[in-house]
Amino acid sequence: MNIAVYTLSALLVPFLLIGFVQKAKAQLQNRVGASVLQPFFNIFKLFGKNQIISEDSSGLFRAGILVNFCCFAYLIWSVPWLSFSPAISSVDIFLFVYLLATARFFSILSALDTGSPFGAFAGSREATLSFLVEPAMILSLVAPSILTGSSSLERIFSFTHQVSSQNPIVWIFAGISLFLVALTDLSRMPVDDPTTHLELTMVHEAMTIEASGRNLALSEIGYAFKLAMFFGLSVQCLLHGIAFCLPSDQWILLAMSIAGIFSLGLLLALLETVLVKLKWTKCPDFIAYSLTMGLFACIAALGVRA
Amino acid sequence: MTQEVLILSSFLIPLLGAIVCVFFQSSRYSGKIAAGSCLLTFVFLSISLFPFLSDFKNVILLPLGLRCEKLQALFLLLTSLVVTLALMQSDIYFEKELKQENTNQKHIAWFYFFSLLFLLSMMFVFVCDNLGALWISIEATSLLSAGLVYFSRSKHAVEATWKYLIICSVGIAFALLGTIFIFSSSQYGAIEGGSLYASQLKAVSENLQPLLLKLGFIFCLVGYGTKAGVFPLHSWLPDAHSEAPAPASAMLSASLLNCALYAIYRILDLTTNSACGKSCHEVCLWAGVITVIAAALFLVKQHGLKRLWAYSSIENVGLMMVAIGFGSAPIFFLQALNHSIVKVSLFCTAGNIIQLFGTKEISHINGLLRRSPLDAVLLLAGAMAVTGTPPFGTFISEWMLLSLSFERRYILVAVLIFIALTIAFVAVSYHVGRTLVGGKIELLSDTVSIKNSVIPSLLILASVALCFLIRPDILGVLK
Amino acid sequence: MISFSPFMFSFLQAIILASAIMAILMVGTGQIRSNIMFYSLQTLCLALSACFCAAIEHELKHYIVALAIFFVKTIGLSTFLFWITKRIGAAKDLGLYLPLPIAMHLSVVLLVFAQILSNQLPHLNHLQPLAIGGTAGISLILTGILFMLTRRLAISQVLGFLTMENGIFLFALTQSSGMPLFIEMGIFLDVFVAVMISGLIIFKIKHSFEHIDVTLLTSLRD
C-alpha cells in the first residue's frame, strides 16, 4: 500500500507541480494559461517526436542526459520528500549532495558535447551557480542532521525523534534555506527567468537547447523530479518545525506534505510574478541569503546540542 | 528655600533668553539679550551658590531628584561664567563678521538660541543625580552644540558637523550601554529593583555586582571619553573646534569637555568602594596619560591656529583624566578652572587674529607683533599659560598633579606627563613664535580694535591672579 | 547554553531573536530601501517583544515603551529615512572594505560571539528565560557597528547607529527589566532628534558635496 501510494505520488506530483506553477503564474498575470495537466501532454508529445542530434556530438551527449535522468529517478525513489519512508533504500545526505553533483556534471558535459556556444554559456553558468549554492545546501541539511545525530535522510525526516518537536527554529531556517537553494539550483526566478527564451541569459533552458524528442523529455522529467524533491524536502523541514502541533496519522501528514509542496509552488508563482531577474553579477548576493539561513540553522542546532 | 528658587530660576533664564532670541531673529540685539541672560544666570547662581560653598552643609536638594554638591556648584559657576564670557565676546566677534558679510543676522540669532540651550543642557549635566538623565543631558549637549559647529554653513563646517554628530552619537551610545550595566549591577541585591541615582548607588557601592560595574565603567569611559576627546577617540574634536566660530570653540573647549569629564568622574566615583575600584582608577589614569602624550605629539605638526588649541585642549583633558584617575576632585576642578579660563581667552584671541588675517593657517599668519601688538602679547601669554608655565594658574594645578603622582608612587606617570608637557611647550612655543615675527612689512589700516581684546586680557589676568590665589588649603574646601 | 535549549524556546524568544536576524539580513543588501525595510521590521520585533515583556512582568511602562517604539521608530523614523532617500536619490550603497555577502556572514559569526559574551555575564534569576535578549542585544550592537564600518553613505551610517541603539534598548529590556520610564522617553527624544538633525545634515552634505559618501569627506585633516 505504502509503495503504491509513494509510486503514484512520485509519478504524479512533480508534473502536476510544474503544471500548477505555470497555471498559477498565468492566473496571477491575468492570463488563462495552459491546463494543469499540460506537462504530461508535453512529455507524451516529446516521446512521440523524432529526435535530431547534432552531427558533431559524440555518445557523451546521450549518455549525459541518461545519467542525469537516472540520478534523479533514483533520488525521487529514495529521498524522503514525502512524509513517509521511501520505497527503495535510505540515502545519506552526502550521497544526496554528490548524486546531485554527478547529475549536474553529466548534464553540463552533454551541454558542452554538442559544441553549441549557448550550451557552453549555460554550462558555465550552471557550474558557477551550483558551486555557489552547494555550501548553503550542505549547511541546511547538516543542521537537522546535527539535531538528530544521524546523517541518513530517512532518519532525519522521520517525525519520531523527541528533539524535533521542540526545535522549530532549526527546522524553519533549514526549510527556508532549502527553498532559497531550490530557487537557485533549479534556475528559477531571481536567478534565472525560465520563461524568457533569450539564450544569452538563460541557464537551464539553454543547457537543454540541443536536446530534442526523447532526450528533451528525459531532461524535463529529471527537472520535474528535482523540483518536487527540493520543494518536498523544504516542506518536510517546515513540517518538522511545527511537528509539535501536528497529528501523527501518516495519511494526514502525507496530505499536508503534498499541500505544502503545492503552496510552495504557489509562492514560487507569486515570486516569479513580482520579482525581476537579477543581474548575473548580483546573483551571489542573493545566494548569500540562503547561506546565511543555513548558517543560522547550523548555529541553532549546535546551540541545542551543546 | 530662596536658594533653591534662585537655582531653579537660573535654569529658566537661558530658556527664556533662547525663546526671545528666536522671536526677535532679525534684531541687532539678539547678542545682547543672549549675553545678558547668561550674565543673569551667572549672577543668580553666584548669589545662591557662593554662600553654599563656605557653608557647613554638603548638599542642596532640588525638586525632581536633582541635587547639587560643592563640586557641582563650582562646575555650575564655571560653566555659566565661561558661556557668559564667550557670548559677550561673540557679540563683538559677529559685528566684524557681519561687516565682512560672512554671515547674517538670522544665523546669528539661531547661534544664540543654540548657545543658550547648550548652556542649559550643560547646567543639567551637573545637577542630575540620575545617571540616565546625565546621559540624556550629555547627548543633548552634542545635539545642541552641533548647531554651533554648523554656524558658517561652509563645506568644511558641514563636514565637521557630520563627523561631530555621528562620532559623538555612537560614542555616547556606548555610554548608554555602560549606564545600563551599572543599573543592572545594582539589581544583584544592592537595591531592590535597581536604581540609577548616583547618590544611592554610591551609598551601596560595596554591594554592586563587580563585573557589571566594571563593564559599566569601561563603556562609560569609552562613551563619555569620546565626548571628552580622549585619545584615540578624539578625531572629531580638532575638526569641530577649528570649524566652529571662535566663541563657539571657546564654549566647546572650556565647558563641554568639562561636562564629559565630570560624567566620567561621577561614574568612577561609584566604583571607589567596590572590588573593581582600583583597576577602574588605573584604567582612567592610563587613558589620561596616553591622551596627554598623544596630544603632545600631535601638537608638533599642526597647521591651523585653532587646531593647535584644540589639541592643547586634548592634552589638558588628559591631565584632568589623570587627576580623575587619582580620585582627586579638587585637582580635577582646579585644572578645569585654569584650563577653561585660559582657553576662552586663547580662542577669542585666535578669533580676532583669524579675522585680521583672513586665514586659519599658521604659515600664513606672520608679523603679528607688528600688526597687532596687544593680540600678540595675549597669544603669547595664553600659549604660556596653556602649557603650564608660571606665573599662570595652570602651573599650580599641574604642579599639584605631578606632586600627587609622586606622593602616590606613580613615578612613571609623573615622568611621562612631564616629558609630554615639555614636548607640548616646545611645540606650542614654536608655532606661536612663527606667527609673531616675520612677514612682509606692509602697512594695513585694518587692525583689531581694543574692545575685541578686553575679555581675553581680563581672563589672562585672572589666570595670573589664580596662580597667586590658589593655596594648598583650598583643597580642603572641596573635600 | 540556555538560549537555544528546547524548553526555553517560546514565542518571545523567537521574536527577540528575529530582531537580531533582521539586522543581520539588513547587512546583506546594498539597497537602501530594503535596508530601511529591514530596520523597520527589526523595530517591529522590538516593539512586540516589549509588549510580551510587559505581559510577563505585568509592567505598564513596557506597554508605553512598546507603543512609543512602534510609532516613533517603526513608522516615524522609517518614513523619514525613506523620504530622505527619495529626496536625495540615493538608491544603493556599494559598501566598503568587505563585499556585502561576506559582511552578512561575518555578522552571523558575530551572533555566535555575542552568545559567548552574553554567557559570561551574570543574569538575574527572574529574567533567566530572557537571557537570549542579551545575546540578541549584543549581536544588534555588533551588527550595527559592522554596518557602519562597511558602508559608504551617510544614510547607512544613521541606520547603523539606529541598529546599535536598538541593541542597547533590547539589552536594557531583557537584562535589567528596563530603565525607568522617564529616562526611556528622554532617550527616545534624544535619538529622535539626533536622527532628525543627521537627516538635515545629510541634505546639506548632498547640497555642498553633491554626494553623501562619507568616505570622501576628507578635507579636514591634520
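Points worth noting:
- Comparison of B:Ser195, B:Ser199 shows that the only residue that is modelled with pLDDT under 90, outside any helix (DSSP H, G or I) and either small (Gly, Ala, Ser) or under 27 Å from the mean Cα position of the chain (by Cα) (or both) is B:Ser195.
- Residue match in the stretch C:125-133 (condition: surrounded by 18 or more Cβ atoms within 10 Å (Cβ to Cβ), at pLDDT below 90 and within 14 Å of chain A (Cβ to nearest Cβ)): yes
- The residues of the stretch A:22-57 that are among the hydrophobic types (A, V, I, L, M, F, W, C) and more than 19 Å from A:Thr196 (Cα to Cα), listed by number, are A:Val36, A:Leu37, A:Phe40, A:Phe41, A:Ile43, A:Phe44, A:Leu46, A:Phe47, A:Ile52, A:Ile53.
- Residues that are in contact (Cβ under 8 Å) with a residue 40 or more places away in the chain, facing chain C (nearest Cβ under 7 Å) and either touching an Asp or Glu at 6+ places or on another chain (Cβ under 9 Å) or among the hydroxyl-bearing types (Ser, Thr, Tyr) (or both) within the stretch B:162-182 comprise B:Ala173, B:Leu176, listed in sequence order.
- Spans of helices (runs of 4 or more DSSP H) in the stretch A:1-80 with at least 3 residues among the β-branched types (Val, Ile, Thr): A:2-28, A:59-78
- All positions within the stretch C:203-222 that are open to solvent by less than 40 Å² (accessible area, probe 1.4 Å), assigned to a helix (DSSP H, G or I) and over 15 Å from B:Arg153 (Cβ atoms): C:Val214
- Scanning the stretch C:37-46 for residues that are crowded, with 23+ Cβ neighbours inside 10 Å and farther than 20 Å from C:Ile102 by Cα returns C:Gln42, C:Thr43, C:Cys45, C:Leu46.
- Restricting the stretch B:158-192 to residues that are open to solvent by 10 Å² or more (accessible area, probe 1.4 Å) and not in a helix (DSSP H, G or I) leaves a set whose member that is nearest to C:Asn166 (Cα to Cα) is B:Gln187.
- For A:Pro135, the conditions (1) at pLDDT 85 or above; (2) within 14 Å of chain C (Cβ to nearest Cβ); (3) open to solvent by less than 10 Å² (accessible area, probe 1.4 Å) are fulfilled apart from (3).
- Residues that are part of a helix (DSSP H, G or I) and facing another protein chain (nearest Cβ under 7 Å) within the stretch A:284-306 comprise A:Pro284, A:Asp285, A:Ala288, A:Tyr289, A:Leu291, A:Thr292, A:Leu295, A:Phe296, A:Ile299, A:Ala300, A:Gly303, A:Val304, listed in sequence order.
- Residue in the stretch C:93-103 that is more than 14 Å from every other protein chain (Cβ to nearest Cβ), surrounded by fewer than 19 Cβ atoms within 10 Å (Cβ to Cβ) and within 21 Å of C:Leu159 (Cα to Cα) present: yes
- Every residue from the stretch A:255-280 that is hydrophobic (A, V, I, L, M, F, W, C) and closer than 11 Å to A:Val235 by Cα: A:Met256, A:Ile258, A:Ala259, A:Ile261, A:Phe262, A:Leu264
- All of C:Leu110, C:Leu77 fail the test of being in contact with a helix residue (DSSP H, G or I) (Cβ under 8 Å, 6 or more places away or on another chain), assigned to a helix (DSSP H, G or I) and more than 13 Å from chain A (Cβ to nearest Cβ), apart from C:Leu77.
- Residue-level check: of (1) in a helix (DSSP H, G or I); (2) closer than 27 Å to B:Trp162 by Cβ; (3) within 14 Å of chain A (Cβ to nearest Cβ), C:Ile116 misses just (2).
- None of A:Ser110, A:Ser177, A:Ser130, A:Ser145 is touching a residue at least 40 places away in the same chain (Cβ under 8 Å), within 14 Å of chain C (Cβ to nearest Cβ) and assigned to a helix (DSSP H, G or I) except A:Ser177.
- When residues in the stretch B:1-39 are screened for being under 15 Å from B:Leu61 (Cα atoms) and assigned to a loop (DSSP other than H, G, I, E, B), 1 of them pass.
- The single condition among (1) within 20 Å of the chain's Cα centre (by Cα); (2) surrounded by 16 or more Cβ atoms within 10 Å (Cβ to Cβ); (3) within 14 Å of chain C (Cβ to nearest Cβ) that A:Ile261 does not meet is (3).
- Any hit, the stretch C:183-201, residues being over 18 Å from B:Cys168 (Cα atoms) and within 9 Å of chain B (Cβ to nearest Cβ): yes
- Listed conditions (1) more than 9 Å from chain C (Cβ to nearest Cβ); (2) closer than 27 Å to B:Phe94 by Cα; (3) free of Cβ contacts under 8 Å to residues at least 24 places away in the same chain are all met by B:Ser145, apart from (3).
- Scanning the stretch C:1-31 for residues that are modelled with pLDDT under 85 and either at the interface with chain A (Cβ under 7 Å from one of its Cβ atoms) or not in a helix (DSSP H, G or I) (or both) yields C:Met1, C:Ile2, C:Ser3, C:Phe4, C:Ser5, C:Pro6, C:Phe7, C:Met8, C:Phe9, C:Ser10, C:Ala14.
- Condition met for B:Glu101 (open to solvent by 10 Å² or more (accessible area, probe 1.4 Å), in a helix (DSSP H, G or I), away from chain C (no Cβ under 14 Å) and under 23 Å from B:Ala244 (Cβ atoms)): no
- Condition check for B:Phe151 on (1) among the hydrophobic types (A, V, I, L, M, F, W, C); (2) under 27 Å from B:Thr103 (Cβ atoms); (3) touching a Gly at 6+ places or on another chain (Cβ under 8 Å): one failure, at (3).
- Of all residues in the stretch A:229-262, those being free of Cβ contacts under 8 Å to residues at least 12 places away in the same chain and not in a loop (DSSP other than H, G, I, E, B) number 5.
- When C:Leu140 is tested against (1) surrounded by 24 or more Cβ atoms within 10 Å (Cβ to Cβ); (2) closer than 12 Å to B:Ala173 by Cα, just one condition goes unmet, and that condition is (2).
- Residues that are surrounded by 22 or more Cβ atoms within 10 Å (Cβ to Cβ) and facing another protein chain (nearest Cβ under 10 Å) within the stretch C:143-161 comprise C:Gly144, C:Ala154, C:Gln157, C:Val158, C:Gly160, C:Phe161, listed in sequence order.
The values are calculated or read from the model by the stated rules, or taken from the named source; none is laboratory data. If you're wondering where the values come from, they're calculated on a predicted model, not measured in any experiment. All Cβ positions, glycine included, derive from the backbone under ideal geometry; neighbour counts span all protein chains shown. Keep in mind that these areas ignore ligands, DNA and RNA; they rest on the heavy atoms of the full protein, side chains included. Shrake-Rupley method; radii C 1.70, N 1.55, O 1.52, S 1.80 Å.
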